[in-house]
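J.: Got a structure for you, questions after.
The values are calculated or read from the model by the stated rules, or taken from the named source; none is laboratory data. Just so we're clear, the structure is a prediction, and the values are computed from it rather than from any experiment. All Cβ positions, even for glycine, are placed from backbone atoms using ideal geometry, and neighbour counts span all protein chains on display. Each accessible area value is taken on the protein alone, full model and side chains, heavy atoms only, with ligands, DNA and RNA left out. Shrake-Rupley method; radii C 1.70, N 1.55, O 1.52, S 1.80 Å.
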Amino acid sequence: MCHVFASQDPDRYTLTTRRLRLNGQSTSIRLENAFWAILDDIAASESVSTPHFISTLHSEVLELHGEPSNFTSLLRCCCLKFMENPASHPALSVAAE
């Protein structure tokens, strides 16, 4: 029943830490490689670097809601929203057909 999930490459769920700046502060974010790949795709679709995209997202969240209690969870949910909306990444949806 869960073979498709259990048989995935362990590298997809290996955690990777990346260092970047959020509002001028040096920080690190630790996410599974699968989420980093999606964040890289989101940033590329916006023609910016991944650190720039994440920094801009953090600034916008601060402005709208204040400091998020769990920014890495917010990033994971952003990845889900991106994947739920095929119109936001037509090149990826065409490749999947």
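J.: Could you please state how large a percent of the accessible area of segment 11-84 is carbon and sulfur, counting protein chains only and using a 1.4 Å probe?
T.: After summing per-atom areas, the C and S share lands at 52 percent.
J.: For the pair Cys2 and Arg30, what calculated FRET efficiency results from E = 1/(1 + (r/R0)^6), where r is the Cβ-Cβ distance and R0 = 35 Å, to the nearest 0.05?
T.: 0.85
J.: Can you list, largest first and rounded to whole Å, the semi-axes you get for the chain by taking the square root of 5 times each eigenvalue of its Cα gyration tensor?
T.: Working through the eigenvalues yields semi-axes of 25, 17, 13 Å.
J.: At Ala87 and Leu74, where each label point lies 7 Å from the Cα along Cα→Cβ, what is the point-to-point distance in nanometres?
T.: Going from the Ala87 label point to the Leu74 one covers 2.5 nm.
J.: Write down the accessible area per residue of the chain in Å², having rolled a 1.4 Å probe over the full set of protein chains.
T.: About 69 Å² of surface per residue is accessible.
J.: Quickly rank 43-49, 81-87 as a protection proxy: mean count of other C-beta atoms within 10 Å, highest first.
T.: Result, highest mean first: 43-49, 81-87.
J.: Kindly state, to the nearest 0.05, the FRET efficiency for Val61 paired with Thr17, given R0 = 22 Å and r defined as their beta-carbon distance.
T.: E between Val61 and Thr17, to the nearest 0.05, is 0.60.
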